[in-house]
Amino acid sequence: MRYRFTCEYNGAAFSGWQEQPNEKTVQGELEAAFSVALRQKIRITGAGRTDAGVHARGQVAHFDFEGEGFIPRTLENSVNALSDKNVCIRNLEQCQSDFHARYSAKERYYQYTICTQPIVLGAELVWQCGCKLDTALMEEEAKIFLGEHNFNAFSIPRNDGKSTVCMVTEFRLDHTMQTWHIRGNRFLHRQVRSMIGLLFDVGRGRFEPGAAKRIFNGEFIGERTWAPAQGLVLADVTFDCVSQC
């Protein structure tokens, strides 16, 4: 039988989501906890393979288990007690056998917060850039990312033959929290951090407006900034209704 759950974690404590040899990862931590609680080896699949230092409050994952039945709430409590304090799970439930946390996902929703003034509370969840930014220019530049584009130039280069075309449906700034809201069907490796870094370079006057368009057109404009991981949060993952049932 297949089960799904939502998990939240502080990425600063992990070397990313995906299990790696000799590294502390979210996937590895949860698999160890589930395996102890259910007394058999459990493999977990997540909706997004977040990088080292990237946080999540709405990561979705699934696993298969054919043993004796369990009470979801009791298993949640057991896994949370066995896991690192920087990760927790919730909303554990049985799902359809063809549900897949990664491939059934319809949209991923990220948030990225940039602070131009020093803060203490919540500092590990934001990028404290320490410079003045022209947010009006940044908002205008962000519109270029909307729609379907080949985002290969805004990611870590890949040569596996897989598509680098993504559809971005939302890219807006919440001025109250200085948080960027980014939503799309999929994102490439470090794509969000690359896009935010480009907006940062435009906002501080390093690049002229229209830089994103020139990059899409293959025009070299110089070395770009990669936004640091700590400001990025995987906020939510949505699925088709059929996939959720």
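What the phi angles of region 179-186 give under the Karplus curve with 6.51, -1.76 and 1.60, with θ = phi - 60°, is a coupling list of 10, 8, 10, 10, 10, x, 6, 6 Hz, glycine and proline written as x. Helix 26-38 and the longest principal axis of the C-alpha atoms of the chain enclose an angle of approximately 10°.
Just checking the listed ones, Phe145, Phe220, Phe34: in the Gaussian network model of the chain with Cα springs under 10 Å, the one fluctuating most is Phe220. Computed over region 107-154, the quotient of the alpha carbon radius of gyration and 2.2 N^0.38 Å is 1.45. Note on Rg and Dmax of the Cα atoms in Å: of the candidates [x] 21.2, 70; [y] 19.1, 61; [z] 18.0, 54, the value calculated from this structure sits at [y].
What is the percent of Cα-Cα separations in region 1-71 that go past 22 Å? Result for the distance tail: 20 percent. For Gly48, the amide hydrogen comes within under 5 Å of the amide hydrogens of Val60, counting only partners 5 or more places away or on other chains and with H modelled in the peptide plane. Computed across region 75-200, the Kirkwood hydrodynamic radius from all distinct Cα-Cα pairs reaches 17.2 Å. Mean-square fluctuations from a GNM of the chain, with a 10 angstrom spring cutoff on Cα atoms, peak among Phe154, Phe14, Phe216 at Phe216.
Quick check: the angle from helix 72-82's long axis to the longest principal axis of the chain, C-alpha only, nearest 10 degrees? Approximately 70 degrees, to the nearest 10. In the distance distribution for region 55-131, Cα-Cα pairs more than 18 Å apart total 61 percent. Along the axis of the charge dipole computed for region 155-245 (Cβ charges of +1 for Lys and Arg, -1 for Asp and Glu, origin at the Cα centre), the listed residues Asn217, Val168, Leu234 are led at the positive end by Asn217.
Each residue of region 201-207 was assigned a 3J(HN,Hα) from its phi angle through the Karplus curve 6.51 cos²θ - 1.76 cosθ + 1.60 (θ = phi - 60°); the sequence is 5, 6, x, 9, x, 6, 10 Hz, with glycine and proline shown as x.
Dipole size of the chain about its Cα centre, with +1 on Lys/Arg Cβ and -1 on Asp/Glu Cβ: approximately 160 debye, rounded to the nearest 20.
Per-residue ellipticity at 222 nm computed for the chain from its helices equals -6500 deg cm²/dmol, with DSSP H segments shorter than 4 residues left out and the rest contributing -39,500 (n - 2.57). Amide H to amide H, with H built 1.01 Å from N, Cys95 comes under 5 Å of Arg2, Tyr3, Arg4, counting only residues 5 or more places away or on other chains.
Values in this text are rule-based calculations from the coordinates and carry no lab data. The shown structure was predicted, so the numbers you read here are calculated from the model rather than taken from an experiment. Glycine also receives a Cβ, built like all others from the backbone with ideal geometry; neighbour counts cover every protein chain displayed.
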